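Just below is one structure, and these are the notes that go with it.
The values are calculated or read from the model by the stated rules, or taken from the named source; none is laboratory data. Bear in mind the structure is a predicted one, so any value in this text is a computation, not a measurement. For neighbour counting, all protein chains shown are included, and Cβ atoms are generated from backbone atoms with ideal geometry for every residue, glycine included.
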Amino acid sequence: MTQRLSGKHAVLTGAAGGIGLAVATAYLREGAKCTVADIGKNPTPELAAVMAAHPDALLYVPTDVTQLPQIDALIAAAQARFGAITTLYNNAAIFDMAPLLESGEAMYDKIFAVNVKGAFFVLQKVLAHMVAHQVQGGSVINMASQAGRRGEALVSHYCASKAAIISYTQSAALAMAPHKIRVNGIAPGVIATPMWANVDALFAKYENLPIGEKKKRVGEAVPLGYMGDPTDICGAAVFLASDEASYITAQTLNVDGGNVMS
């Protein structure tokens with residue numbers, strides 16, 4: 001623990017498990033106060049364990065990011081507990097897939113409501129909070145994906161939603177540059193989170209594969225030879241939140257074992 005985030009107050013969405021919780025834990029270890037949001041009414045057992053270990057530095061606020069009043073309530077609760085927000089880890093997202101010609105309006109609306117609308121308004125409202133409080137060294141990290149770098153036949157809506165995150169990251173970075181607030185993104189590759197059970201099952205359905213086969217294949221296809229772990233995202237997330245990245249903005253960093261080269 002180097003206390004690289006001492007004095008920071010981070011809000012993290014979609015952080016009751018998986019990558020979000022791994023990053024929240026890393027932020028706490030580096031000295032940050034953290035307000036964690038997710039859709040569930042109560043913390044997951046994994047999050048509850050982290051809360052027990054950091055009772056004075058971690059707050060959980062149930063939040064549906066598709067509901068703008070709930071985003072306002074999240075920001076108000078975070079400020080009331082830990083003061084002005086200095087860091088946003090904008091992570092809440094969902095996944096679904098279907099062949100392009102079979103993908104209906106309901107799937108489109110569901111994915112874009114969370115991954116694009118929700119992410120944008122969390123971004124906008126937290127940035128407005130930072131500007132109003134004249135936050136020095138503010139940092140936003142938007143979670144994109146390697147899926148935002150290229151299309152996939154079965155994953156059109158998710159890919160498009162993550163491409164939108166990369167674009168919003170660039171636009172917001174330019175808008176916030178006069179306020180000295182940095183906006184960057186992280187584009188993970190294939191990461192072994194609990195969500196992959198659902199992803200694998202969907203690929204098994206549409207590609208006629210045994211359960212587990214798609215996960216095995218995508219891991220082997222990574223240049224480094226394996227799927228990443230949620231903790232593999234933490235180094236980039238801590239760096240971009242820290243003052244060490246004070247001259248970096250408008251970038252989306254690939255953390256994907258070499259899948260995307262840029």
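For the reader, a short list of remarks on this structure follows.
- Every residue from the range 75-99 that is among the aromatic types (Phe, Trp, Tyr) and surrounded by fewer than 22 Cβ atoms within 10 Å (Cβ to Cβ): Phe82, Phe95
- For the range 31-71, the set of residues classified as within 16 Å of Leu88 (Cβ to Cβ) and of a type in the set (Asp, Glu) consists of Asp38 only.
- Residue check for Gly235: over 30 Å from Gly7 (Cβ atoms) and modelled with pLDDT of 95 or more: no
- Residues in the range 199-233 that are assigned to a loop (DSSP other than H, G, I, E, B) and either more than 20 Å from Tyr27 (Cα to Cα) or among the hydrophobic types (A, V, I, L, M, F, W, C) (or both): Asn208, Leu209, Pro210, Ile211, Gly212, Val222, Pro223, Leu224, Gly225, Tyr226, Met227.
- Residue in the range 178-185 that is within 20 Å of Arg149 (Cβ to Cβ) and small (Gly, Ala, Ser) present: yes
- Residues satisfying the stated conditions in the range 27-49, i.e. hydrophobic (A, V, I, L, M, F, W, C) and buried (at least 23 other Cβ atoms within 10 Å of the Cβ): Ala32, Cys34, Val36, Ala37
- Search result, residues across the range 66-86 that are out of contact with any Gly (no Cβ under 7 Å at 6 or more places or on another chain) and of a type in the set (Val, Ile, Thr): Ile71, Ile75, Ile85
Yes/no matrix, rows are residues, columns are (1) part of a helix (DSSP H, G or I); (2) at pLDDT 95 or above; (3) not assigned by TED's automatic domain parsing to the domain that holds Tyr27:
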site	(1), (2), (3)
Gly185	no, yes, no
Ala197	yes, no, yes
Tyr247	no, yes, no
Met261	no, no, yes
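- Selection over the range 220-250 of residues that are farther than 23 Å from Ile85 by Cα and under 17 Å from the mean Cα position of the chain (by Cα) gives a count of 5.
- Some residue of the range 72-91 being modelled with pLDDT of 95 or more, at positive phi and assigned by TED's automatic domain parsing to the domain that holds Ala250: yes
- Of all residues in the range 9-26 being crowded, with 24+ Cβ neighbours inside 10 Å and within 19 Å of Asp56 (Cβ to Cβ), the one that is farthest from the chain's Cα centre (by Cα): Ala10
- Residue ID - nearest to Lys117 (Cα to Cα), chosen from residues in the range 54-74 that are surrounded by 21 or more Cβ atoms within 10 Å (Cβ to Cβ) and under 17 Å from the mean Cα position of the chain (by Cα): Val65
- Within the range 159-188, the residues that satisfy the criterion of being within 17 Å of Val260 (Cβ to Cβ), surrounded by 23 or more Cβ atoms within 10 Å (Cβ to Cβ) and not polar (S, T, N, Q) are Lys162, Ile165, Gly185, Ile186, Ala187, Pro188.
- Met1 meets each of the listed conditions (1) surrounded by fewer than 24 Cβ atoms within 10 Å (Cβ to Cβ); (2) of a type outside the set (Lys, Arg); (3) modelled with pLDDT of 95 or more apart from (3).
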